[in-house]
Amino acid sequence: MQSRVANLKKDRRVCSEKVGMLMRANVEGEGGGPPYTENHVAAYPIEYIAGIDLFNEGEFHAAHDAWEDRWMGEVGAAEKLFLQAMIQSAVAFHHLEIGRPGAARRMYQMAKEKFARLGVVSFMSLDLEEYQGQLDRALSWLLTVPDPRELAQPEMKLPVIRLLPEVMEYE
């Protein structure tokens with residue numbers, strides 16, 4: 001994973017080329033189209049973009065690593081809170097993958113709390129209300145009983161991160 005982020009840091013063309021391929025292929029999914037544009041690649045930290053790619057590929061632990069690389073650096077308070085919420089949402093799915101629904105529930109709850117503390121409807125071009133709606137549809141079953149280990153994991157539609165078209169200022 002570290003080498004994947006490092007390669008993206010060295011050469012932003014990788015993301016730009018990927019955007020072009022996705023646009024040509026007209027990737028379909030919730031919301032349709034590619035998850036971000038060349039303008040997003042130019043405007044946002046490469047760790048953020050790499051984390052989106054990894055998350056959308058179901059590589060939740062790797063997405064966590066990409067976002068954590070950025071989170072651990074010199075970033076503003078709002079971006080740090082946002083990245084921590086993104087990390088925790090990815091880790092929730094990773095915990096489900098390894099059979100730890102209690103830990104998944106805790107990460108889901110912590111992510112929701114941090115998104116609420118941000119106090120905005122979108123950040124770094126991510127529609128937080130839409131993304132949290134996807135998280136809720138996928139993970140709210142974890143909150144239905146005192147111990148989620150009592151439940152069989154239902155089939156769920158995993159969230160897909162797609163950025164809003166406009167590039168947003170952030171701290």
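Can you tell me how many residues in the range 66-85 are of a type outside the set (A, V, I, L, M, F, W, C) and over 22 Å from residue 109 (Cβ atoms)?
Within the range 66-85, residues that are of a type outside the set (A, V, I, L, M, F, W, C) and over 22 Å from residue 109 (Cβ atoms) number 5.
Could you say whether any residue in the range 66-74 is in contact with a Lys or Arg (Cβ under 7 Å, 6 or more places away or on another chain) and at pLDDT 95 or above?
Yes, the conditions are met somewhere in the range 66-74.
Okay, residues lined up against (1) of a type outside the set (A, V, I, L, M, F, W, C); (2) buried (at least 21 other Cβ atoms within 10 Å of the Cβ); (3) in a helix (DSSP H, G or I):
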{"residue": "58", "(1), (2), (3)": "yes, no, no"}
{"residue": "67", "(1), (2), (3)": "no, yes, yes"}
{"residue": "74", "(1), (2), (3)": "yes, no, no"}
{"residue": "84", "(1), (2), (3)": "yes, no, yes"}
{"residue": "89", "(1), (2), (3)": "yes, yes, yes"}
{"residue": "96", "(1), (2), (3)": "no, yes, yes"}
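Taking into account only those residues within the range 39-97 that are under 21 Å from residue 122 (Cβ atoms) and among the aromatic types (Phe, Trp, Tyr), which is nearest to the chain's Cα centre (by Cα)?
Going through the qualifying residues, I end up with 55.
For residue 24, indicate whether it is over 19 Å from residue 131 (Cα atoms), part of a helix (DSSP H, G or I) and modelled with pLDDT under 95.
Yes.
Of everything in the range 107-140, what is surrounded by 17 or more Cβ atoms within 10 Å (Cβ to Cβ) and more than 29 Å from residue 165 (Cβ to Cβ)? Give them in sequence order.
The answer is 107, 110.
Within the group 125, 89, which residue is in contact (Cβ under 8 Å) with a residue 40 or more places away in the chain and over 25 Å from residue 142 (Cβ atoms)? Can you show your working first?
Numbers: 89 fails: over 25 Å from residue 142 (Cβ atoms).
Matching residue, one of 125, 89: 125.
What number of residues within the range 137-165 satisfy the criterion of being of a type outside the set (A, V, I, L, M), in contact (Cβ under 8 Å) with a residue 24 or more places away in the chain and not in a loop (DSSP other than H, G, I, E, B)?
Summing the residues that are of a type outside the set (A, V, I, L, M), in contact (Cβ under 8 Å) with a residue 24 or more places away in the chain and not in a loop (DSSP other than H, G, I, E, B) in the range 137-165 gives 2.
Looking at 41, 5, 14, which one is touching an Asp or Glu at 6+ places or on another chain (Cβ under 7 Å) and either modelled with pLDDT of 50 or more or more than 22 Å from residue 88 (Cα to Cα) (or both)?
Every option except 5 fails the conditions.
The values are calculated or read from the model by the stated rules, or taken from the named source; none is laboratory data. Keep in mind that this is a model prediction, so the values were computed, not measured. Cβ coordinates were reconstructed from backbone atoms using ideal geometry, including for glycine residues, and neighbour counts include every protein chain displayed.
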